[in-house]
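The values are calculated or read from the model by the stated rules, or taken from the named source; none is laboratory data. The model shown is predicted, which means the values in this text are computed figures rather than measured ones. For neighbour counting, all protein chains shown are included, and Cβ atoms are generated from backbone atoms with ideal geometry for every residue, glycine included.
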């Protein structure tokens, strides 16, 4: 083989094997590859889209994800008008001054939080949090990475399975306690019947002996016992109804759904107040155990999401140290709840120590990756669909053929499947 032919062959082989890598890490050019996205997406959506895309580009996710920005309540605007304004598309001051003002209030003063929903793989970031982290792009990216970890790690689905399991266990314990109460009721009724029979005998015996005062007293005792049993039973019905409502409200406040537990409590109907009160103590213990276990699972998942967010950030060439800055910020405005057993999130100290350990334990390859990274690296754009009405961006995994870039491609998507 001649020298020139060898050089040509070598270049061809190198291009064949390294071409994809060069595409993924080629220097940025003056051409703005994201001009279309900037044009069609809002100022809140575009940054989130870019952050989620970069995280998905550089980490081996198993599923596509969606992301959006919302005015999420923080007790600042509870009126019907405010809630309607939250659900409306963003408007300008000139279009509608009232809606613009309400949306501005929500964006500025709403809750500083983000959520992940594994039912539709949707990440929602509050606009207030975006505004507060506007100068900390990598910090906001860490929020996105954290929520993406919840979805990718199936935390929400795992919590749902755990909730169903714990609900079943609590319901079984409650049904057992209620069954014991009904046995006690039958026992009480038996001895009450014995007492009534004894009083009736005493009435007859006293009358036959001419002791009418004793006969009257025995009859009064019988009537009083009957009234007490009736009053206790009536009070029990009221207790059951009121207590069930309180438990339902407390479960809702704790963000727990426990249909089997509530159903088991319904069997307290027909119990007297004395036995309802005794059974209530057992029920409160079982529900408390249920809630504590669920909150424990939630805190474990938060730490797990933090851990994977660090890896996602490093792989994406973003500084995971910024995650600690976000924890500092969030706990400055919400307070440290590390000592509260009912808290859904670990406390500031625990989370920062965990993050620091994970960052320090990153392999050298990942540390070099985020320390030496920058905007000069490019990655293939992921297929996406942007819904302007709902302001939701849905990103697909690389190589997915069912989605094309841009919301304007919906017609061609359906045409490619069904034909023209």
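From 304, 325, 319, grab the single residue that is under 24 Å from residue 157 (Cβ atoms) and in contact (Cβ under 8 Å) with a residue 60 or more places away in the chain. Reasoning before the result, please.
Details: 325 fails: under 24 Å from residue 157 (Cβ atoms); 319 fails: under 24 Å from residue 157 (Cβ atoms).
Just one listed residue meets the conditions, 304.
When you look at residue 94, is it over 30 Å from residue 397 (Cβ atoms) and either loosely packed, with under 14 Cβ neighbours inside 10 Å or modelled with pLDDT of 90 or more (or both), yes or no? If you could, list the steps in order and put the result at the bottom.
Working: over 30 Å from residue 397 (Cβ atoms): yes; either loosely packed, with under 14 Cβ neighbours inside 10 Å or modelled with pLDDT of 90 or more (or both): yes.
Yes: the conditions hold for residue 94.
Which numbered condition in (1) at positive phi; (2) at pLDDT below 90 is the only one that residue 181 fails?
(1) is the only condition that residue 181 fails.
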